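Remarks on the structure that follows.
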Amino acid sequence: MLDIKAGDEVIVPSFTFVSSVNAFVIRGARPVFADIRPDTLCIDERHVERLVTPRTKAIVAVHYAGVACDMDALTSIGAASGAAIVEDNAHGLLGSYRGRNLGAIGSLATLSFHETKNLTCGEGGALLVSDRALVERAEIIREKGTDRTKFFRGQVDKYGWVDVGSSYLPAELLAAMLCAQLEDRQRVQDRRRCLWSRYHSELASWAREHHVVLPTVPSSSIQSYHMFYMVVPSPEWRDRLVAHLKARGILAVSHYLPLNTSKVGRTFGGREGQCPVAEQVADVLLRLPFYTNMTDDEQTSVIDCLQDFA
Ligand SMILES: Cc1ncc(COP(=O)(O)O)c(C=O)c1O
């Protein structure tokens, strides 16, 4: 949609999943890694500002854990440089930023319906197109490069091959499952809000005592309650805590490895020390069990087990 070509640059946070960057790399773009903010773990807009060049085609805003990036700052950087803002809203569906839905702020936004997401059909995703100038081409690319969507609307009497494209339509069975999940979104979100808030309030004093940092949600953002993570004092502390939880049958996991120090990231000029916050957080972040069907008793066992940890 953005006509990305070899030589273009795309600024991405180092602390994200590979999907955020593969989409651009397969078009020949060079990813440029930005660090994250220590409070929200979203892309650091001050670092982005320093990385923009005349070759920057897009800036990727990953709303980490469903908490919004500073979209005002990113939008002005995009407007001043001509770079498109693309939201990777895999975590943030149903969250908002200053009253605007996440996924409806950038020119384009991607959603994920992978099994780990709040609403899922196992695998799959969606592209949200907010820049109206891109809508017509999106419909064509989605329909294997044909104007079939116009045909269905009665705007052409035959449809044909008019552009490049592929088959980006979901299978009907998956779409039906997703549709049911979307209809159930209020119940899903209510339950997740309740689980998230309980972790946050019941772990507050334990966290203070152990120098563990619980997530921050700025007042500009209503989060989507996608995950519950903690930033712990050291990698060794995290290993001991993981083992303590595991011994009681509780699985707690880390998250992304920084892209700038990955095997592929290094081929694009990524190196150690380039994104210090991401590099540090990756070693000390831990996600607690968090899923819509988690019962109160299951959550009680996780909280009790953490509080037993000396
Ligand atoms: C930020 C982010 N983007 C994208 C994805 C994945 O998207 P998909 O597997 O649907 O491509 C994930 C995780 O699964 C993610 O954490």
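The values are calculated or read from the model by the stated rules, or taken from the named source; none is laboratory data. Note that this is a predicted model, so its numbers are computed, not measured. Using ideal geometry, Cβ is built from the backbone for each residue, glycine included, and neighbour counts are taken over all protein chains shown. Quick note on the areas: whole protein, heavy atoms, side chains included, nothing else; ligands and nucleic acids left out. Shrake-Rupley method; radii C 1.70, N 1.55, O 1.52, S 1.80 Å.
Descriptive notes on the structure:
- GNM result for the chain, Cα springs below 10 Å: residue of Phe228, Phe17, Phe152 fluctuating most strongly: Phe152
- Computed about its Cα centre, the charge dipole of the stretch 218-310 is approximately 460 debye, with only Lys, Arg, Asp and Glu carrying charge at their Cβ.
- Between helix 71-81 and the chain: long-axis angle, C-alpha atoms, 0 to 90°, nearest 10: 40
- Degrees between helix 172-183 axis and first principal axis of the chain (Cα, 0 to 90, nearest 10): 60
- In the structure shown, the pairs Lys117/Lys246; Lys5/Lys263; Lys117/Lys150 are assessed against 25 Å; a Cα-Cα span above that value is assigned to Lys117/Lys150.
- Compared with the dominant principal axis of the Cα atoms in the chain, helix 235-246 is inclined by about 80°.
- Nearest-10 value in Å² for the accessible area of Cys179, using the 1.4 Å probe: 60
- Taking Lys and Arg as +1 and Asp and Glu as -1, the other residues whose beta-carbon sits under 10 Å from that of Ala61 total -4.
- Dipole-positive endmost among Leu245, Leu195, Ala176 within the stretch 157-269 (Cβ charges, Cα centre): Leu245
- Highest-MSF residue in the chain out of Lys158, Lys57, Lys150 [GNM, Cα springs under 10 Å]: Lys158
- Separation of the stretch 1-51 from the stretch 216-269 is 20 Å, based on Cα centroids.
- Two-site FRET efficiency, Lys144 against Leu51, from Cβ-Cβ distance with R₀ of 35 Å, rounded to 0.05: 0.45
- Gyration tensor verdict on the stretch 1-134 (Cα atoms; rounded if a/c is under 1.5, prolate if a/b is larger than b/c, oblate otherwise): rounded
- Helical content alone sets the calculated 222 nm signal of the chain at -10500 deg cm²/dmol, taking -39,500 (n - 2.57) per DSSP H segment of four or more residues and averaging over every residue.
- Packing rank of 241-247, 105-111, 167-173, where each peptide gets the mean count of other beta carbons within 10 Å, highest leading: 105-111, 241-247, 167-173
- Proximal lysines to Lys144, defined as alpha-carbon separation beneath 20 angstrom and excluding residues fewer than eight positions away on the same chain: Lys158
- Simple rule: put +1 on each Lys or Arg Cβ and -1 on each Asp or Glu Cβ in the chain, find the dipole, and look at Leu108, Val277, Phe228; the Cα lying farthest toward the positive end is Leu108.
- Among the cysteines of the chain, those whose beta-carbon sits 4.7 Å or more from every other cysteine beta-carbon are Cys121, Cys179, Cys194, Cys275, Cys305.
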